[in-house]
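Report on the structure given below.
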Amino acid sequence: MNCPACDSPGPVPVLTVSSPDGLLAKDFRVLKCPGCGLGLTDPPPTGSELSVLYSTDYHAPEKGPGKGGWVARLRLLFLAHRFRRIERELGSGTLLDYGCGNGEFVEYARGRGVDAAGIEPNYASSSASVRRSLNELPPGARYGLATLWHVLEHMDSPVKELGALSERLDAGGRIFISVPNFDSWEAGFGGAEWFHLDAPRHVLHYTPRSLELVLGKSGLRLRSLSFSFGLYGVFGMFQTLLNLFCERNFLYYSLKRGTDYRRKMTAGRYALTIACHALLIPALLPLSSALAFAAALAGRSGSMDAVCERAHEV
Ligand SMILES: [Zn+2]
């Protein structure tokens, strides 16, 4: 097998990972390319495995932002944080959120006066602005900015998909890609418990070098790559540290997906998990903030943001 980013032969196994929530009764390996550091989930999940992996409560429930409850308020903060990240890249003001899940970022941007649409193949959104594929967009529709919020790592054919997406850009349009960083400190110490690993849903695990190579193969040019200290950085570090001691991603699934672990766990295991969190959260929160800040300064944060454009304008 050759690396899809740099074509080097011989990626080597570095991790063995059980599937999230025990959804599949088998383990997966993560291979690493010796040339560019790209990680590859091996074997990639089959079609029927993918439908199991995305069929449960993977996507956040469809409750519009701002509708009561502290979880909803946290979601709203998160969407505002995302919006601030891309505001200056908006160009002509039209936005296409590619892999938009339940469409909440599309709706948030529309609420801020942006002409926004979304693409999501795996989720039937009730939003009229969300389509299943690029082919369902009006034929002449072009966008000033396309966003991929932790979507690229799910694609098994990123070059093909990014190429098709770039054809939907305005002249001078840009693509903003937020993606986990396999070369981060937290990927290193978290190993199979790294929050952003999420294999086998994540089929490719990017490093800065492999990301730039895949963009190049897609006809795109990297304008900037940043390692910001923000919600993604702190939360990823925090959840990775928690994962080393407690049930994997318990806090994240509870917050994002509203997963009710009382139904999924025995009473004893649930009580133990809550106690573990109560004990560790006060210590790990300040530690994660400090570590995430240092990681961002060192260019080794768990999530990286790329802004790119077409290498050759058509
Ligand atoms: Zn490679």
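The values are calculated or read from the model by the stated rules, or taken from the named source; none is laboratory data. Because the structure is predicted, anything quoted here is derived from the model rather than measured. We place every Cβ from the backbone using ideal geometry, glycine too, and count neighbours over all the protein chains shown. Each accessible area value is taken on the protein alone, full model and side chains, heavy atoms only, with ligands, DNA and RNA left out. Shrake-Rupley method; radii C 1.70, N 1.55, O 1.52, S 1.80 Å.
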Checklist outcome for this item: Mean separation of Cα contacts under 8 Å (at least 6 apart) over the residue count of region 183-314, i.e. the relative contact order in percent, is 45 percent
Checklist outcome for this item: 1/(1 + (r/R0)^6) with r = Cβ-Cβ of Ser289 and Glu87, R0 = 30 Å, i.e. FRET efficiency to nearest 0.05, evaluates to 0.80
Checklist entry - Cα atoms only, the chain: Rg and Dmax in Å? => result 19.1, 61
Checklist entry - Ignoring ligands, DNA and RNA, what percent of the 1.4 Å accessible area of the chain is carbon and sulfur? => result 57 percent
Checklist entry - Do you know the relative contact order of the chain, to the nearest whole percent, from alpha carbon pairs under 8 angstrom that are 6+ apart? => result 19 percent
Checklist entry - Using alpha carbon centroids, what distance separates region 167-237 and region 249-286, in Å? => result 27 Å
Checklist entry - To one decimal place, what Kirkwood hydrodynamic radius in Å is obtained for region 237-293 from all pairs of distinct Cα atoms? => result 11.8 Å
Checklist entry - Where a Cα-Cα gap under 17 Å defines reach, which aspartates and glutamates qualify for Lys26, not counting those fewer than 8 residues away within the same chain? => result Asp42, Glu49, Glu193, Asp198
Checklist entry - How large is the helix-only mean residue ellipticity at 222 nm for the chain, computed as the sum of -39500 (n - 2.57) over DSSP H runs with n ≥ 4, divided by its residue count, in deg cm²/dmol to the nearest 500? => result -10500 deg cm²/dmol
Checklist outcome for this item: trypsin sites (Lys or Arg not before Pro) in region 115-147 lying in a DSSP loop, each with at most 16 other Cβ atoms within 10 Å of its Cβ, come to Arg132, Arg142
Item to check | GNM result for the chain, Cα springs below 10 Å: residue of Arg257, Arg88, Arg209 fluctuating most strongly | outcome: Arg88
Checklist entry - If R0 is 41 Å, what FRET efficiency do you get for Asp27 and Ala171 from their C-beta distance, rounded to 0.05? => result 0.30
Next on the checklist: As an exercise, use a Förster radius of 45 Å and the Cβ-Cβ distance of Val71 and Asn2 to find the FRET efficiency, rounded to the nearest 0.05.
Outcome noted: 0.55
